[in-house]
Each structure stands twice: as structure tokens, then as C-alpha cells.
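The block underneath contains the structure these notes are about, expressed in C-alpha cells.
Laboratory data are not the source of any read-out in this text; all were calculated from the coordinates shown. Just so it is clear, the model here is predicted, and its values are computed rather than measured. FYI the Cβ positions are ideal-geometry reconstructions off the backbone, even for glycines, and counts take in every protein chain you see.
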Amino acid sequence: MKYFHLVWSALFRRKTRTIFTLLSVLAAFLLFGLLDSVRTAFANAGGSIAGVDRLITISKVSFTVALPKSLLPRIQAVPGVAQVSYANWFGGIYQDPKNFFPNEAVAENFLDLFPEWALSDAERTAFKQTRTGAVVGETLARKFNWKVGDKIPLQATIFPQKDGSNAWTFDLVGIFHAKDPKLQGQENVLFFNWSYFDEASRFRSGTVGWYLTKLADRNQADRVAQAIDKLSADSDHETKTQSEQAFTAAFVSQFADIGLIVGAIMGAVFFTLVLLTGNTMAQAVRERIPELAVLKTIGFSNRSVLGLVLSESALLLLLGGAIGLAIAGVVVGIVRVKLGATVPLARVNGPIWLRGLALMLLIGFIVGVLPALRGMRLRIVDALSGR
Amino acid sequence: MGGLLRKLGSATTLAVAVIVPILLLTALPWWLLLALIGALAGWMAVTRTGRQAWSVTQVGIATIPQRLGSSSVVVVGIAGVVGVLVALLAMGAGFETTLRETGTDDTAIVMRAGAQTELNSVLDHDTAALVSQAPQVLKSAQGRPIASPELVVVASLAKKSNGLDANVEIRGIGERAWDLRPNVQIVAGRRFVPGLRELIAGKGASGQFKNLDVGSTLKLNGQVWTIVGEFDSGDSHNSELWGDTDVVGSTYRRGSSTTSINLRLTDAGAFDALKATLASDPRLKVDVSTTREYYNKQSENLAQIIRVLGTTVATIMAIGALFGALNTMYAAVATRAREIATLRAIGFRGLPVIVSVLLETMLLATLGGVLGAALAWAIFHNYTASTLGANFSQVVFAFDVSPALLWSGLKWALAIGFVGGLFPAVRAARLPVTAGLREL
């Protein structure tokens, strides 16, 4: 630390060059911050902390195939099951297909299975008692400026009403929010009563899309899942039960292998960056050979010269990288405020910073190590005489 | 006065550095670039200043091997930008092309009103029969309408890549479907026999999912189905499994209902008449569109997202590469300061110096652009991937690294090279001769 001033002045010996290199580093880590934020958002969708004690049961054939409602009491009777609820995908459109958000018909007790969502008791009761009632997440309510008491018209795409009309109207009776800000992405949803859906819809009466089971003991997940699937084994509606996370992870991976795409881009970016900063560091050390020799002459050990050059390259990376990540944080923050939590961008928080810092140090070491070794090994006599 | 002029000079440089790349990226056609190169060559061959520029450029290029390390920063940096840009755009273009080629103007698709996609649609048997009888539907040699009642359902199968379950689309087709889509070829095995639990797998689907080879079986709702063939349609149907509509319907308990009617029009101009016919029949509540319109609409959103993503990523990378190029070229100008000052002292003008540094940078940039584009082409051309499509199932597509994309990648390279070379070039030309001569 006592050499900080020395490292700092060595870094800014050639101002223009250092600033240009810093800007390159900055661009690379700005990109890293943005892409890692996207990757984290997709990963979070699958791996939220909440929901570890819930199982989801869908048709083994596909998520789109309905299950009979008669399974409900049988699942409830499986030992280790605390509570069972069910839901059905509705797929309605609000005004324009571009406004897409998930909307589902859910059982009365559905929200009780989600302790991570906050909904006032009054609104909870209102939802249960209003036939055409609906609740939405706060993110969604803010996006369309909905207030409790509003009527929300949805255009059905899959389930017309009994008379063939596609127009469904719901009364907004409650707005819930996620207690953990990390789960804000899940607020982008509308729920309405399954009983209303079942009675008014032309298709699929008496069936549900999926069952959601709360476990009494989360360690029993595998056993309970197998027991539930056994209920309908070899029937014409076989089920597949898995943890909510496993289900979401498989679902998200259907869009694309986000990790692979992000990884490939960052690979190209960092490869270029190593070459670029490596070149800068090599130049910087080459120019300073006589100075390094002077340092050695006045008593700096080989090891401290090595340390000085390595710290210089690490400082270069840390400085540019930290500014880049900070800008990424601001950009992500602005986009999230403008577009709500509907865009797949996670806050640039602790884990992203940790990964970023680790990368800065790693790249700092890679680009610094060769010039540093050169500085360490130089012989004073040769260096001072310009050989 | 001199200070003001210098300031004005750098304002001009800045303006040029902003305007030229924008023109380059948005408006430059290839023939204009060729014309510019031609004009430059002519100028270099004929005029005195031009000949000076040529000789200075030659010296610059000849010394590149001495600065291999720093010159490669320009090349590799720009190659990275162009490679990533071309690869991402090729992904979007591939998806768009696959869906665009699925539709034609002379075939139409009819679904329940408001359904948007086939998976959401339900049509009863009577509707299907009524729609097929419309006068605008082409008749086969036997006098039967070329219309295929189709049933789209989804099955969840394990993917080869990660073993995770993903959705594959199963399309029950009518017997006229083969006349409707003459481009479909059976590449292995045979067609399914109507009435049996047999499926044929599209080339894309069998590449992406486990256990879809000819001869393998899969269990749907407790019933065993056999894969008896593999087909290639060259479009998004390649992502599907095909079977007999009635048999698929019974396995999925759909009765005699279907999800869409696909039909061939008497000619492309008959579409409006068909639409009017269907709309005027009070027994029908259906939407009709040409298949081209239907499939084009499915690619719009994703293609747009990929375009925005690709351009954003490439822009940020380009900024990084630009500063790398600036560093390199400033260093190059600095090492050649004495030589440039000598040239100026013996009467060379500023313009040849500017041209030579610019040309050198753009040459390196072109090299990087070609390298990046070539890498993107070598790695990603026809690389297959899949994503979730409109029918809630995987759409398999191949990356499409087209000449147009390679050209736009090259334009990006030239734009970065131009800006990266301009400032060092101007610095070189402005270098006071006396100071330059004293440089080591």
C-alpha cells in the first residue's frame, strides 16, 4: 500500500495511452455488467430462493394438456402433502398482443401457497368472494396504471366464453407485491378465479392445467413427487411432478441457452481485451526499463519490482472495470424503472460485482505477468546501459 | 489567431469523425465504395500530392511488421466486433428466414377467430367441412379440394443438448397435406399410414430431441407411437412431428375437432375473395390469413429483439476496439515522428501524411473485418439452434451468415478504422517539424 503513489504515477506516465486503455476496459466491463445482468435474470427465474417447498404436477405429455380435477382429493391424501392448489393458463390479451403478460385462472387458495407475496387480508377475502375478481402484481399494475376497482378487459385467445365471444372482463380487487425485491420479475402476472373460468369457458370444464403442492417437509420432495405420479401411472392422463424450480429452469431453457450465448460473447470480448491491455502493459514496461533498473539500484528487490508492475496492471483493470460496472448498474437501473421488471435484467448487485472483480484481477494478472517477469529479471547493468 | 484556427481544425476533425462513420454504416452501397477506391487510386496515380501519399503509405505499410504486436490489437479488436455482430445478426436472420420460407402467398390458414396461433385454436368438424368447400380452394385432379384439416398439439421430450424436457410440436395432417406442401421430402423410412399410431419426424426435430430416429417409439397419454420416417421440408415444419389428424386427435382426446385448416388457393389473387366468402358466412367464426403472413408475424418479435441486442453489444465492443485502435495508431505515429517530420521538411504536404495514416488504419481494420466475418461464417454458418416458437414448442433454425451480413460487418470495420485512424493522422500532419526532428 505504501507504494500506491508510485504505482499510480507509473500508470499515468503516459496519460493519453492509459486513458484510452481505461476506456477499452470500461467498455468491456460495461458489456459484462449488462450481459451478466441478463444471464442472472434468466437464472433467477429458475432458481428463486422461495418455492423450494412446492411441487408442480403437470401432464406427462405436455404442459398444454389438461388434467382431470378429480385428482385433487387424491393428491391431498398423499402423506407429506400440506396443501394443494391448482391453476389453468388463460393466455388472454390486454388490448394488443405486444402487451403480453401471463394470466391464469387459479383456485381460491392459490395465493395462500405463496408466502413470498404480500396481499392484504381484506384484498385476499375480496378475491375469494368476487366471482369475476382478479389480482395483479404491482409491476403489472404500475405498467398499465391499474387501480383496485378497475375493470380489466382481456381478449381470450384459447378459451372463448360459452357463447363464443372472446371478451372477458375482470374486476381488479387486489394488488400484491413480492416481499423480496429479487422476485419482482414474478409480479408481472394476473390471477382470476378458476370457478368463474370453469363455469363461463366453452372448453375444458372440469379440468385444470396444473396442480401445485406445498410440502409438509421439503426433504420429502422426491418421495411425495413419486407418490403423486403413481396415482395416475398407466392411466390416460399420466402426470409428471417436479419441484417448482426444476420446472421453471426447464421452461426457461426452452427459449435459448442464455448462458452459452453470453459466455461466447464475453469470451470474444475478454480475449480482445487481454490482447489490448497486454500490449499497453508491454509498451509501458518497455519504455520504463531504465527506470525499473534505477529502482533496483536504490534497493528494490526483484520481488517488489514484480509486485509493482503486477499492481499497475491490476489497478488499470480495476479502475476501468469498476467504472464500467458502475455505469452498467446505472443503465440497468434506468431501464428497469422505465420498462418495469418485465425486461429480463437483474440488478447489478453483489454477486455480479464479485464475478466482475474476480475477472478484473484475473485479467490484470494475465496481462501483467509477462511484463512483470521481464521487469523482475532485468539486469541492472544491461538495463542502465540501454542494452 | 493560430489557436483559433487549430481549434476550428479539430472541430472539423470531430465533425468528420462523427458524420463519415454514420454515412458509412447507413448509406454506403458497395458500388460507391468501389468508386471511392477507384477515385483514390486515380488520385494517387495522377496528381503530385497523390503520388506523395502513395509513397508515404508504402513506407507505413512496410513498417507494420516491426509493430506486429500493437498492429494486431487493431486487427483482433475489430475482428471481435465484426464476429460477434455477424454471429448475432445471423441468428436473427436464420430464425426469420426459416419462418418466412414456411409461408407462401397461394396457401392460406384458417383458425378460430381470435386464436392468433394454431395451438390456441379449436375448429369443429362442420367448420372444417364448410371452409374446404369455399370456391377459392384449388381442386385436385380427382376433383377434391386441396385442404388439410390439421391438429397441432405439443409433447414434452428430452433434448439431446442438455437432457432437459422441451416441447415438440406434433401436427396431425390430413391426406391432402402432401399436395399442399409439395416441398416435403421423405429422407428416411416412409410416410405414416393413416389410421395407425405412426409419426414421421422433421429433420430439425430429430436433430434436437432424443429418441426420434426411425424405428424408435414414444409414449403419449399411455399409447405407444412409432417413428416410421424422417422428412425434410426446408422450413419450420422441420421442427415438427407429423401423424394422422384423426389418430392424434383420439390420443389427445380432441374428438373430431382440429386446430386449423390449411388450404391451397386457386391462385394468389383469390385470397381476398376467400376472406370475403368466409366472413359472409354466418355459420363461421374464423380468422383467415395467407400462410406467408401467418409465419412472418411469428418471427417479428424475436428478430427485432435479436437485432437490438446484436447492435447494442457490437456498439459497446466497437467503442472498446476504437480506443485500442487509437492507442495503436498514436503509438505508430509517435515512433515514426522523425520520419514524418523529415518528409515534411523536404516539402511533403500535410494531406499525404493524413491519407497515409488513415489508409494504413483502414487496411488493418479491413483485415480485422474480413477475419471476424470469416470466423463467424466458419463457425456459425448453418449452425442449428432452437427456441420457443409461437406454438409453445421448439422451432429449429440454422444461423444464416448471408453476404449482406458480411458486408455490413465489413462496413462496421471500416467505420471503426476510419475514426481510429483519423485523429492520429491529423496529429501526425500537425506535428511541428522542428519538434519532430528532435524526437528520438
Leading residue at positive end of dipole, chain A (Cβ point charges), from A:L31, A:A41, A:L276: A:L276
For B:L157, A:L215, what ranking results if the residue with the fewest other Cβ atoms within 10 Å of its Cβ goes first? A:L215, B:L157
Given springs between every Cα pair under 10 Å in a Gaussian network model of chain B, which of B:G269, B:G204, B:G369 has the largest fluctuation? B:G269
Return a whole-number percent for the relative contact order of the range B:107-266, with Cα pairs under 8 Å and 6 or more residues apart as the contact set. 35
Given the range B:107-266, what percent of its DSSP beta bridges are antiparallel, to the nearest 5? 75
With label points built 7 Å along Cα→Cβ from the Cα atoms of A:L373 and B:E293, find their separation and express it in nm. 6.8
If r is the Cβ-Cβ distance from A:S120 to B:R191 and R0 is 60 Å, what FRET efficiency results, to the nearest 0.05? 0.50
Restricting to the protein assembly as shown, what percent of DSSP beta bridges are antiparallel, rounded to 5? 80
Rounded to whole angstroms and listed largest first, the alpha-carbon spread of the protein assembly as shown along its three principal axes comes to 94, 66, 55
Between the alpha carbon centres of the range A:311-339 and the range B:163-198 the gap in Å comes to 51
Distances over 19 Å make up what percent of all Cα-Cα pairs in the range A:61-237? 60
Relative exposure of A:F192, A:F100, judged by other C-beta atoms within 10 Å (fewest first): A:F100, A:F192
Apply 1/(1 + (r/R0)^6) to the Cβ-Cβ distance of B:T49 and A:I19, taking R0 = 56 Å, and write down the FRET efficiency to the nearest 0.05. 0.95
Say the cut-off is 28 Å between C-alpha atoms; which of B:K275/B:K297; A:K60/B:K160; A:K60/B:K285; A:K151/A:K338; A:K179/A:K338; A:K240/B:K285 go over it? A:K60/B:K285; A:K240/B:K285
Helix-only [θ]222 nm of the protein assembly as shown, DSSP H runs n ≥ 4, -39500 (n - 2.57) each, per residue, nearest 500: -18000 deg cm²/dmol
For the range B:186-310, just the Cα set please: Rg and Dmax, both in angstrom. 18.1, 48
Largest fluctuation, A:T297, A:T169, A:T248 only, Gaussian network model of chain A with Cα springs under 10 angstrom, belongs to A:T297
In a Debye calculation with equal point scatterers on the alpha-carbon sites of chain B and no solvent, what is log10 I(q)/I(0) at q = 0.06 Å⁻¹? -0.42
What is the Cα convex hull volume of the range A:105-179 when expressed per residue in Å³? 103
Longest segment of chain B lacking trypsin sites (Lys or Arg not before Pro) that sit in a DSSP loop with at most 13 other Cβ atoms within 10 Å: B:1-159
Per residue of B:391-397, how many C-beta atoms from partner chains lie within 10 Å of its own C-beta, taken as a mean? 2
How long are the semi-axes of the equivalent ellipsoid of the range B:107-266, taking √(5λ) for every eigenvalue λ of the Cα gyration tensor, in whole Å from largest down? 26, 17, 14
Over the range A:304-369, how many percent of alpha carbon pairs lie in each 5 Å bin up to the one with the longest distance? 4, 17, 21, 17, 13, 10, 7, 5, 3, 1, 0
If each residue of separation counts as 0.36 nm, what is the full-extension length gain between B:R253 and B:T342 once their alpha-carbon separation is subtracted? 23.2 nm
At 7 Å along the Cα-to-beta-carbon direction for both B:T26 and A:V148, put a label point, then send me their distance in nm to one decimal. 5.0
Please figure out what share of the DSSP beta bridges in chain B is antiparallel and state it in percent, rounded to the nearest 5. 80
Taking R0 as 41 Å and r as the Cβ-Cβ distance between B:A141 and B:T384, the FRET efficiency 1/(1 + (r/R0)^6), rounded to the nearest 0.05, comes to 0.65
How big is the Rg/Rh ratio for the range B:239-373, C-alpha atoms only, Rh by Kirkwood, two decimals? 1.41
Whole-angstrom Cα spans of chain A along principal axes, big to small: 96, 45, 33
Across the residues of A:233-241, average count of Cβ atoms on other protein chains within 10 Å? 2
Just to be sure I understand: if I project the alpha-carbon convex hull of the range B:7-101 onto a plane and average over all orientations, what area do I get in nm²? 9.8
Spin-label model distance (nm) - B:A276 vs A:L260, 7 Å beyond Cα toward Cβ: 5.0
So what's the gap between the Cα centers of the range A:130-156 and the range A:290-310, to the nearest angstrom? 69
